[in-house]
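Undergrad: First the structure, then my questions, so here it is.
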């Protein structure tokens, strides 16, 4: 579906006409990311991050397939094959560091993309399905990132695998058998490494599938925009090609510069030195931390140190960590405000900038800090706020807030006026008696 | 054509076919799921014999059992007294030192070196490692603290360090597993 004024694909070349009859892939592309897809004319730079995420996914798949050509998922040699890739394979260092830093870049981009959604209410009707699929992609990304970090079989790889599969042992009754089933043994070993490699290769393609659904679901109502006012007429939109393709291209350029700086000058800045020590099942590193993109959720996991009635602290922590993301699934229904954009929601905006963002940053910092005071207590307070934000503050704010007046249309917000602007029919009035 | 009960031949075939497909589906899923469980070579009973003659009171060693560390610790009389001074009923996972050691060998504390929280190796068995505020073990991952009987005293771990099956084959040799 698209807007009625969307340009129609009309191939002129006989071959393209023949193709359009047999397999209309060019038509699909034209309507999805070409002139046939009108987007709001007022999209700001935050709307570039979806495309950047796609670029990151592509980088990861290309470099990942190449890494797999030089890697062996065997505990005896896995660590060495990575080092040999870096030292001996032509351009192997580039592939390895692009893949490792590409994962970080992907998460940077995706966090901006997600928080764009929080601020501008992108999750609200009619785009709930876009949001839900997005959360699924994020969960798949976390699983893929975790599995990939295990493959070099360094100390952090091994102990990360042990701790994360240990999360499942918190589940009552079936927990320990489940953990042994996941690992294929009592501790991470060859069986675990092999299946992690298999799944690490599989999941990115599952992500590609869900991304297709994500974009499909998005293109039914069309993209949201910074005002949160829906598209009314053709003057509110521009065709995706060339306008937004050019803007996305510019964003890719900026991204490429920043990514290159990380890749070529600080390739190990986001890694952990302990992962250059081969895995040793007999010795846990003194300070064990996951990759930086898991820190906020890791802090929530560690925030639970006391049993809660009959629920052990361990299970509480695990439930809270997963709950911290699962709560996003309910966001479209927790936020009842009819106004989408934070620009027109003065109270919501304050809680976003001075509540959610600081809480996430504090959790992020504490997740990377040692498991000691005062970090545990600070994590507890921040985790409490985090859940309160979604489960209490958002529903209450959306009920009591008086939003600012919205522009009549996207055109009005851009141009300052809209010739076609008209008052909405008063309550009970009909089109007929207005005319 | 319906018989006297109103059951048609087609209804029977429908139910039979769907049931057969369901049973076959379960039959296919079982091997697909089961192949991920620990394989026979992993499960093959592995036992470890540990010579404890060189472990002096206050010392501990790490042995390997099922590719995981086992702590073998020779408790000092003071550590035994500390463990016995605690009212076991007040603990998160109530157990006395006596229940966690063999009769007449109360000074030999043999436990898995696997934190019951998420599986890290606690510190305290190696030379110079911190033993935590209860003098037993301290897990650096998430801050679980174990006492001199390796019982959980503080932090997120739900259980005491697991005591594996073991026996003294002589005064100086322990067979674990």
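The values are calculated or read from the model by the stated rules, or taken from the named source; none is laboratory data. Treat the numbers as computed from the prediction; the structure is a model and nothing was measured. Ideal geometry is used to build each Cβ from the backbone, glycine not excepted, and the neighbour counts take in all protein chains shown.
Undergrad: Please note which strands (runs of 3 or more DSSP E) are completely contained in region B:96-177 and include at least 1 residues that are within 9 Å of chain A (Cβ to nearest Cβ).
TA: B:152-154
Undergrad: Which one of A:58, A:63 is farther than 26 Å from residue A:241 by Cα, within 24 Å of the chain's Cα centre (by Cα) and either without any contact (Cβ under 8 Å) to a residue 60 or more places away in the chain or surrounded by fewer than 20 Cβ atoms within 10 Å (Cβ to Cβ) (or both)?
TA: Only one candidate qualifies: A:63.
Undergrad: Would you check if there is a residue in region A:184-192 being surrounded by fewer than 22 Cβ atoms within 10 Å (Cβ to Cβ), touching a strand residue (DSSP E or B) at 6+ places or on another chain (Cβ under 7 Å), modelled with pLDDT under 95 and within 14 Å of chain B (Cβ to nearest Cβ)?
TA: Yes; the residues of region A:184-192 include at least one that is surrounded by fewer than 22 Cβ atoms within 10 Å (Cβ to Cβ), touching a strand residue (DSSP E or B) at 6+ places or on another chain (Cβ under 7 Å), modelled with pLDDT under 95 and within 14 Å of chain B (Cβ to nearest Cβ).
Undergrad: Just to be sure, is residue A:16 over 26 Å from the mean Cα position of the chain (by Cα), more than 30 Å from residue A:335 (Cβ to Cβ), surrounded by fewer than 18 Cβ atoms within 10 Å (Cβ to Cβ) and assigned by TED's automatic domain parsing to the domain that holds residue A:148?
TA: It is false that residue A:16 is over 26 Å from the mean Cα position of the chain (by Cα), more than 30 Å from residue A:335 (Cβ to Cβ), surrounded by fewer than 18 Cβ atoms within 10 Å (Cβ to Cβ) and assigned by TED's automatic domain parsing to the domain that holds residue A:148.
Undergrad: Among the residues of region B:35-46, is any touching a residue at least 40 places away in the same chain (Cβ under 8 Å) and closer than 28 Å to residue B:165 by Cβ?
TA: Checked against the condition, which is being touching a residue at least 40 places away in the same chain (Cβ under 8 Å) and closer than 28 Å to residue B:165 by Cβ, region B:35-46 yields at least one hit.
Undergrad: When the residues of region A:296-323 are narrowed to those that are part of a loop (DSSP other than H, G, I, E, B) and either under 28 Å from the mean Cα position of the chain (by Cα) or within 8 Å of another protein chain (Cβ to nearest Cβ) (or both), which ends up nearest to residue A:363 (Cα to Cα)?
TA: So the residue we want is A:303.
Undergrad: Something else: Quick check on this structure: which one of A:331, A:263 is away from chain B (no Cβ under 14 Å) and over 30 Å from residue A:397 (Cα atoms)?
TA: A:263
Undergrad: I need a count of the residues in region A:33-91 that are in contact with a helix residue (DSSP H, G or I) (Cβ under 8 Å, 6 or more places away or on another chain) and under 30 Å from residue A:3 (Cα atoms).
TA: Counting residues in region A:33-91 that are in contact with a helix residue (DSSP H, G or I) (Cβ under 8 Å, 6 or more places away or on another chain) and under 30 Å from residue A:3 (Cα atoms) gives 24.
Undergrad: So, of the residues in region A:193-239 that are free of Cβ contacts under 8 Å to residues at least 12 places away in the same chain and surrounded by 15 or more Cβ atoms within 10 Å (Cβ to Cβ), which turns out to be nearest to the other protein chains (Cβ to nearest Cβ)?
TA: Across region A:193-239, the extreme among qualifying residues is A:195.
Undergrad: Could you grab me the full set of residues in region A:273-295 that are within 16 Å of residue A:158 (Cα to Cα), more than 14 Å from chain B (Cβ to nearest Cβ) and either surrounded by 12 or more Cβ atoms within 10 Å (Cβ to Cβ) or touching a helix residue (DSSP H, G or I) at 6+ places or on another chain (Cβ under 8 Å) (or both)?
TA: A:275, A:276, A:277, A:278, A:291
Undergrad: Just to verify a result, which residue in region A:150-162, among those that are under 13 Å from residue A:281 (Cα atoms) and in a helix (DSSP H, G or I), is farthest from the chain's Cα centre (by Cα)?
TA: A:155
Undergrad: A follow-up question, please. Looking at B:83, B:38, B:60, B:149, which is the one that is within 27 Å of residue B:173 (Cβ to Cβ) and under 18 Å from the mean Cα position of the chain (by Cα)?
TA: That would be B:149, the only listed residue that is within 27 Å of residue B:173 (Cβ to Cβ) and under 18 Å from the mean Cα position of the chain (by Cα).
Undergrad: Ok, one more. List, please: which pairs have Cβ atoms under 8 Å, are six or more places apart or on different chains, and start with a residue in region A:3-28 that is in contact (Cβ under 8 Å) with a residue 24 or more places away in the chain and end with one that is assigned to a helix (DSSP H, G or I)?
TA: Cβ pairs passing all conditions: A:3/A:234; A:5/A:234; A:6/A:31; A:9/A:20; A:9/A:26; A:9/A:27; A:9/A:30; A:9/A:31.
Undergrad: Related question: So which helices (runs of 4 or more DSSP H) are wholly in region A:327-373 and hold at least 1 residues that are over 23 Å from residue A:46 (Cβ atoms)?
TA: In region A:327-373, the matching helices (runs of 4 or more DSSP H) lie at A:331-334, A:357-368.
Undergrad: List the helices (runs of 4 or more DSSP H) inside region A:1-91, counting only whole elements, that have at least 1 residues being touching a strand residue (DSSP E or B) at 6+ places or on another chain (Cβ under 9 Å) and closer than 30 Å to residue A:155 by Cβ.
TA: Per the criteria, A:78-87.
Undergrad: Take residue A:94 and decide whether it is closer than 30 Å to residue A:390 by Cα and surrounded by fewer than 23 Cβ atoms within 10 Å (Cβ to Cβ).
TA: The answer is no for residue A:94.
Undergrad: Go over the candidates B:160, B:74 one by one and state the one that is more than 26 Å from residue A:164 (Cβ to Cβ) and in contact (Cβ under 8 Å) with a residue 24 or more places away in the chain.
TA: The unique qualifying residue is B:74.
Okay, residues lined up against (1) within 12 Å of chain B (Cβ to nearest Cβ); (2) under 24 Å from residue A:45 (Cα atoms); (3) part of a helix (DSSP H, G or I):
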{"site": "A:108", "(1), (2), (3)": "no, yes, yes"}
{"site": "A:115", "(1), (2), (3)": "no, yes, yes"}
{"site": "A:118", "(1), (2), (3)": "no, yes, yes"}
{"site": "A:122", "(1), (2), (3)": "no, yes, no"}
{"site": "A:143", "(1), (2), (3)": "no, no, yes"}
{"site": "A:148", "(1), (2), (3)": "no, no, yes"}
{"site": "A:166", "(1), (2), (3)": "yes, no, yes"}
{"site": "A:182", "(1), (2), (3)": "yes, no, yes"}
